[in-house]
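The values are calculated or read from the model by the stated rules, or taken from the named source; none is laboratory data. Because the structure is predicted, anything quoted here is derived from the model rather than measured. Counting neighbours? That spans all protein chains shown, and the Cβs are built from the backbone with ideal geometry, glycine included.
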Amino acid sequence: MVLKRVPTTPFSDQKPGTSGLRKKVTHFRQAHYVETFVQAIVQSVPGREGATLVLGGDGRFFNRAVVQTTLKIAAANGFGRVLVGRGGLLSTPAASCVIRKHGAIGGIILSASHNPGGPDGDFGIKFNTANGGPAPEGVTEAIFEATKTLTEYRIADVPDLDLDQVGTTRIGDMVVEVIDPVADYAALMAALIDFDAIRRLFASGFRMRFDAMSAVTGPYAHAILEGMLGAAPGTVVNGEPKEDFGGHHPDPNPVHAHDLYDLMLGADAPDFGAASDGDGDRNMIVAPGLFVTPSDSLAILSAHATSAPGYAGGLAGIARSMPTSRAADRVAAALGIGVYETPTGWKFFGTLLDAGLITLCGEESAGTGSNHVREKDGLWAVLLWLNILAVTGKRADAIVREHWARFGRDYYTRHDYEEIASDAANRLMDGLREKLAALPGRRIGDFTVSAADDFRYVDPVDGSVSERQGVRVTFAEDARIVYRLSGTGTAGATLRVYIERYEAAPDRLERPVAEMLAPLVAVAGELAEIAALTGRAEPSVVT
Ligand code: G6P
Ligand code: ZN
């Protein structure tokens, strides 16, 4: 193997965010840009000599080229073996599964999640550590430091490898195993979920639609739902991964997955509808005639988890991100188990999962998962839902209604104000913070503030502290408003306002969400002076 050392000048903008380095494809295509970042990752991995690395991505445009580059850089930096998904594909949860199962030192995942793809779309590179989860801040800091000082990268000067056949080859001393991207993941699902019960369900004529949104979950859903579980052919739609996701946003919500949403709310709805995002970690669940909010889904899965073999022994605890509704808390209280409120971002669940404090966790941003991997997992959530439907023999909408009847309903909505000026957004948040101390006891509209703070999280496992994670205002009427700025936006600032109100009266469980929350929405606007400070009379997106 000829090893090349290529001189490069450092880049100043390769600071990994919550989900690695995410930029426009055009930005990544600058000379040496990918190589520098990948070199920074690999040289920041202590003990890489002879170790195993996992590699794959969501199949978006540029995925194949970066897989080839990464293999060559890994070979030149002493890795012993790389497990790469066939075609360069691995969903994010499958990558987490493969890292854990094969004792890898970590994995490089190529994805920009639910962002659009194609030559003008987005691309991303992220590093996960040996537990299968996103690299903690110490590691991403080390990677960032390396990007700022690198003067050369090392790369094997070899032709591209054939990644479309499962099998083993080499680059110099490094073994490259092209693996079936689905096999390990499917085996893990079969160990956790009652596949026999779901097979019987489908055999009895149960109909579902799974929208893979032309993204990475297609092959997983085809193999598991239609192949292993016997769902009718055609159950999986948009099941062929495309480099540009068919020109769509691969984001599973009522806006971007509207075909599925409309079908499920129409007269010909099948028994169950679900979708997942670009890299397969997010999910959307729709019962016939009823959209299930991610917050409710977490609560419902938690309440019924023991019907699946993987959770038959009960749950250790549940965690939710702070803006996620408190529906899961009510289930935890009934089960007598711990509930943890973490800042937004999947990485905060990692320590709790590793320490065995929680079994299930979820976020309002369409993420649900468990201790089986260290990423959120879209298809897993769908399979656990199917397991529950199969074992209870109940319709999905009935499961939701029974849940509300037993626990009450947390009416929930999120208002997003996208692309507002950053200084206006900061003024708004600062203004709120200044008001916090004076709020408790104050009467606003029909509500009385019972508590108000800027969320500060102390990780119960490692003691690390995260400040200023969102302003939360709680009301005596069992209602809550949360304000935070998005950490994932690319243009200006996005203000997110999360509004929720609990209702337990049996005759008030099925009211229109907007109507139920209108008085609180008015309070949210007044309290933060949203219209005056942002110049926006209405949010840009309401979910
Ligand atoms: C990413 C993370 C999620 C997080 C979400 C929040 O998708 O993987 O864990 O919930 O970002 O996004 P936001 O735009 O609200 O900061
Ligand atoms: Zn994703």
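Here are some notes:
- Qualifying positions in the stretch 213-224 - in contact (Cβ under 8 Å) with a residue 24 or more places away in the chain and either within 21 Å of the chain's Cα centre (by Cα) or closer than 19 Å to LYS394 by Cα (or both): MET213, SER214, ALA215, VAL216, THR217, PRO219, TYR220, ALA221, ILE224
- The listed residue being touching a residue at least 60 places away in the same chain (Cβ under 8 Å), aliphatic (A, V, I, L, M), away from ligand 1 (no atom under 16 Å from the Cβ) and exposed (fewer than 15 other Cβ atoms within 10 Å of the Cβ), out of ALA514, ALA537: ALA514
- Looking only at the stretch 191-209, residues that are out of contact with any Gly (no Cβ under 8 Å at 6 or more places or on another chain) and of a type outside the set (Lys, Arg) come to 9 in all.
- The stretch 319-348: number of residues that are free of Cβ contacts under 8 Å to residues at least 40 places away in the same chain and in a helix (DSSP H, G or I): 5
- Any hit, the stretch 280-293, residues being at pLDDT 95 or above, within 13 Å of ligand 2 (Cβ to nearest atom) and assigned to a loop (DSSP other than H, G, I, E, B): yes
- Applying the criterion of being modelled with pLDDT under 95 and not hydrophobic (A, V, I, L, M, F, W, C) to the residues of the stretch 469-493, the residue that is farthest from ligand 2 (Cβ to nearest atom) is GLY492.
- Taking first residues from the stretch 137-151 that are free of Cβ contacts under 8 Å to residues at least 24 places away in the same chain and under 15 Å from GLU35 (Cβ atoms) and partners that are of a type outside the set (D, E, K, R) and loosely packed, with under 14 Cβ neighbours inside 10 Å, no Cβ contact under 9 Å between residues at least 6 apart in sequence or on separate chains turns up.
- Selection count, the stretch 157-212, where residues are touching a residue at least 60 places away in the same chain (Cβ under 8 Å) and either in contact with a Ser or Thr (Cβ under 7 Å, 6 or more places away or on another chain) or among the hydroxyl-bearing types (Ser, Thr, Tyr) (or both): 9
- Search result, residues across the stretch 348-380 that are of a type in the set (A, V, I, L, M) and over 15 Å from ALA328 (Cα atoms): LEU352, LEU353, ALA355, LEU357, VAL373, LEU379
- In the condition set (1) under 24 Å from the mean Cα position of the chain (by Cα); (2) modelled with pLDDT under 95, ASP446 is compliant with all but (1).
- Residues in the stretch 463-502 that are of a type outside the set (A, V, I, L, M, F, W, C) and over 23 Å from the mean Cα position of the chain (by Cα) were compared, and the one that is nearest to ALA327 (Cα to Cα) is TYR502.
- The listed residues are ALA299, ALA316, and the only one of them that is of a type outside the set (Lys, Arg), within 24 Å of MET208 (Cβ to Cβ) and either out of contact with any strand residue (DSSP E or B) (no Cβ under 9 Å at 6 or more places or on another chain) or at pLDDT 95 or above (or both) turns out to be ALA299.
- Pair list, Cβ under 9 Å, 6 or more apart: the stretch 390-414 residue closer than 29 Å to LEU225 by Cα, other residue in a helix (DSSP H, G or I) and aromatic (Phe, Trp, Tyr): ALA390/PHE202; ALA396/TRP385; ILE399/TRP385
- Selected residue (criterion: farthest from VAL216 (Cα to Cα)) from residues of the stretch 97-116 that are within 18 Å of the chain's Cα centre (by Cα), away from ligand 2 (no atom under 12 Å from the Cβ) and of a type outside the set (A, V, I, L, M, F, W, C): GLY107
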